[in-house]
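Enquirer: Please find one structure pasted underneath; my questions will follow.
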Amino acid sequence: MFKRNVTVSGSHQLSGKDVKKLRKELEDAFPVLDKHALKSVLPSKTEVLVSKMSNKCFVYSCLGQPIFFEHEGTLYPTVYTLWKFPRLLPALLTHSEVSPAIVARGADLMLPGVIVPQEGLGFFEEGDRMAIGIPENLQPFAVGCAQTGSEQIKETGLKGRGVKLLHHYPDALWAMGDKSAPNAGFKPSRIFPATEAEAGSDGASEAVAADVEGLDISDEKPEACGEAKTAGASMDELVDSCFLRALHLRVKDADLPMDCGAFYSGCMLPCRPKGTEIDIKQSTYKKVSKLMKKMEKRGLVACKQTKKEDKLVKVNRDHEVYKLFERELEAEAEAEAGAAEAGAHGEGEAAAADATPSGKQIEVHECFRAVSNLRPVFGEECVRNKEMLFSRDECRAALVAYGRRENLVVEGKAGRMNLDKLLKSGLYGKKEGVEVGTEVDASDVFERIMSKMQRYHRVVCDGAEVVKKGRIKNILVSAEDRHAGRKYVTKVTQLESFSIDPAEFGNTLQRKYKCSSTVQKLPGKNETGKEVSFQGNLLDEICAYLEHDCGIHPKFIERQSRMKR
């Protein structure tokens, strides 16, 4: 369903009325999601983007993450949402050895490969939403719809197709998000069992899901109380750290007032250290509202309740704790810069010339899609699958193979071929004086075919691919003088073309160059991109960062200097 050559054909922001309608549909479709759980996935007062895909699906994204998609009028969760709520859908389990067929080739789940647990498969009907996982790793890795009901399986046994695959890790829909994985067992080629530590993390996620379902999970043994207090204390430290980090890096005074739920899901959660998870129910705060009240008592923030919703209205940036944490962030940035510099020197001059310091390299490939009347030139597979993409060399090879297959090559004359009915009608006009059987130059036929092809581009980064229609838009870095040589602003646009999150890019360079940054939507109704602005003249620094740290070739970076002289 979401293969690598699936592209975004259009997107727009949902209105407030449409967001409310979407919330109602999600509550009806997934009773497990109560209002609190739904708010963690779809925070109020946040932009919701709907994208129409080339496979006729609609993808709903929030805070840059795809959360649900709609296929044939039915809403399905993405793997990112399932990793938050593993029990959101009934699941069929398969063997780890079977997973490569699904995650690497996109195959459907066949019933002979299904593992039947001791309690049975449970009840489901044909057409129901289903998740797919393995017993040793509790996080689902695929979503689909059941092709056979549980009652029919009892009668006929494990024969035939079990789940029609719609979305899986790591397909094009997964690549539209932050490209993360729930644990180290998730590999692009196979799903492996999770380690004991990761299994414990997954268990915590299941506990959250169980709590959402209204199950009683508070029955603890007396002797475990000491361990619970210790776990709560360590979780409190993590929550406090992420709270302060979010105030520094994610919350600007211009964003206030902000819904407290949106602050937790959109600001605190992205600030958690890599490899860690925040579960506020495992802390002594228990709820976001209690966390905000505690921080308000400490004098760090000010909150206000409007229309029964808690709002963050002010951040006390003069507070001693806030200033101390700011020094910690500066020390972290200096340590990271020192480590990167040391690593670059250690690799040697030759390695530095060939590779980026971060080891990251973004590749851009031009590709083409055949129009309907020319698909037979590219073979039977292209006729069956109109989504196929070809490079320029592959298009040339396809024309040569077609000429030999249809006996169009003129013997003894290199580079000459005869026209058949398909090539004549698809490439030449009535007034050009050519007919079926006319001898023409093969290079002219090739150039005419390329002029008819639909142009696409493929962006490859860290093994993940994103395909978009049209030519790639270069990143534009411009610096301008706002006040007679006393105030400079540097702006960066078109980062999304290379799968770079503008907000994350702004936060990273804000720490690196000790400057303020803002992210805002580009003007225009049909414009979905964002612009990142930095205080100061950072034209050379940002271009160097894009080239060496992000792995973007200089030919894709445009520089504009609007300095007054």
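The values are calculated or read from the model by the stated rules, or taken from the named source; none is laboratory data. None of the values given here were measured: they were computed from a predicted structure. When we count neighbours, we look across all protein chains shown, and the Cβ atoms used for this are built from the backbone with ideal geometry, even at glycine.
Enquirer: Identify, please: which residue in segment 59-83 is more than 15 Å from the chain's Cα centre (by Cα) and of a type outside the set (S, T, N, Q) and is, among those, nearest to GLN13 (Cα to Cα)? So that I can check it myself, show each step before the final result.
Expert: If we filter segment 59-83 for residues that are more than 15 Å from the chain's Cα centre (by Cα), which is where we start, we get 70-76.
From the residues that got through so far, the ones that are of a type outside the set (S, T, N, Q) too are 70-73, 75-76.
Values: GLU70: 16, HIS71: 19, GLU72: 21, GLY73: 19, LEU75: 18, TYR76: 19 Å.
For segment 59-83, the residue satisfying everything is GLU70.
Enquirer: Can you find even one residue in segment 460-468 that is at pLDDT 85 or above and either surrounded by 12 or more Cβ atoms within 10 Å (Cβ to Cβ) or not polar (S, T, N, Q) (or both)? Before you say what the answer is, go through the steps one by one.
Expert: Pass one, segment 460-468, residues at pLDDT 85 or above: none.
No.
Enquirer: If you scan segment 57-90, which residues turn out to be on the phi > 0 side of the Ramachandran plot and modelled with pLDDT of 90 or more? Steps first, answer last, please.
Expert: Within segment 57-90, the first condition is being on the phi > 0 side of the Ramachandran plot, and the residues that meet it are 63-64, 72-73.
Residues satisfying the conditions are GLU72, GLY73.
Enquirer: Further, regarding this structure: Considering (1) outside any helix (DSSP H, G or I); (2) in contact with a strand residue (DSSP E or B) (Cβ under 7 Å, 6 or more places away or on another chain); (3) hydrophobic (A, V, I, L, M, F, W, C), say which one LEU173 fails and leave the rest.
Expert: (1)
Enquirer: Looking at segment 19-44, which of the residues that are touching a residue at least 12 places away in the same chain (Cβ under 8 Å) and part of a loop (DSSP other than H, G, I, E, B) is farthest from LEU89 (Cα to Cα)?
Expert: The qualifying residue farthest from LEU89 (Cα to Cα) is SER44.
Enquirer: Output yes when any residue across segment 137-147 is assigned to a loop (DSSP other than H, G, I, E, B) and not polar (S, T, N, Q), and no when none is. Walk me through how you get there before you give the answer.
Expert: First pass over segment 137-147, keeping only residues assigned to a loop (DSSP other than H, G, I, E, B): 147.
Narrowing further to those that are not polar (S, T, N, Q): none.
So far as segment 137-147 goes, no, none of its residues is assigned to a loop (DSSP other than H, G, I, E, B) and not polar (S, T, N, Q).
Enquirer: Of all residues in segment 516-528, how many are surrounded by 15 or more Cβ atoms within 10 Å (Cβ to Cβ) and modelled with pLDDT under 85?
Expert: First pass over segment 516-528, keeping only residues surrounded by 15 or more Cβ atoms within 10 Å (Cβ to Cβ): 517-519, 528.
Add one more test, that the residue is modelled with pLDDT under 85, and what stays is 528.
The qualifying residues number 1.
Enquirer: Can you confirm whether ASP318 is more than 20 Å from GLU237 (Cα to Cα) and modelled with pLDDT of 75 or more? If you could, list the steps in order and put the result at the bottom.
Expert: Details: more than 20 Å from GLU237 (Cα to Cα): yes; modelled with pLDDT of 75 or more: yes.
Answer is yes for this residue.
Enquirer: If you don't mind, another one. Among ILE472, ILE449, which is part of a loop (DSSP other than H, G, I, E, B), aliphatic (A, V, I, L, M) and either touching a residue at least 24 places away in the same chain (Cβ under 8 Å) or within 30 Å of LEU546 (Cβ to Cβ) (or both)?
Expert: Among ILE472, ILE449, only ILE472 is part of a loop (DSSP other than H, G, I, E, B), aliphatic (A, V, I, L, M) and either touching a residue at least 24 places away in the same chain (Cβ under 8 Å) or within 30 Å of LEU546 (Cβ to Cβ) (or both).
Enquirer: Kindly list the number of the only condition in (1) under 24 Å from LYS3 (Cβ atoms); (2) out of contact with any His (no Cβ under 8 Å at 6 or more places or on another chain); (3) of a type outside the set (Ser, Thr, Tyr); (4) not in a strand (DSSP E or B) that fails for VAL59.
Expert: Unmet condition: (4).
Enquirer: So which residues in segment 108-139 are among the small types (Gly, Ala, Ser) and either out of contact with any strand residue (DSSP E or B) (no Cβ under 7 Å at 6 or more places or on another chain) or at pLDDT below 90 (or both)? Reasoning before the result, please.
Expert: So the first thing to find is which residues in segment 108-139 are among the small types (Gly, Ala, Ser), and the list is 113, 120, 122, 127, 131, 133.
Listed by number, the residues that qualify are GLY113, GLY120, GLY122.
Enquirer: List the residue pairs whose Cβ atoms are under 9 Å apart, where the first residue sits in segment 263-287 and is in contact (Cβ under 8 Å) with a residue 60 or more places away in the chain and outside the structural domain of ASP240 (by TED's automatic domain parsing), the second is crowded, with 18+ Cβ neighbours inside 10 Å and among the aromatic types (Phe, Trp, Tyr), and the two are 6 or more positions apart or on different chains.
Expert: none
Enquirer: So, one more: Which residues, counting only those in segment 529-565, are buried (at least 16 other Cβ atoms within 10 Å of the Cβ) and either touching a residue at least 60 places away in the same chain (Cβ under 8 Å) or outside the structural domain of SER499 (by TED's automatic domain parsing) (or both)?
Expert: Scanning segment 529-565 gives LEU539, ILE542, CYS543, LEU546, HIS548, ASP549, CYS550, GLY551, ILE552, PHE556, ILE557.
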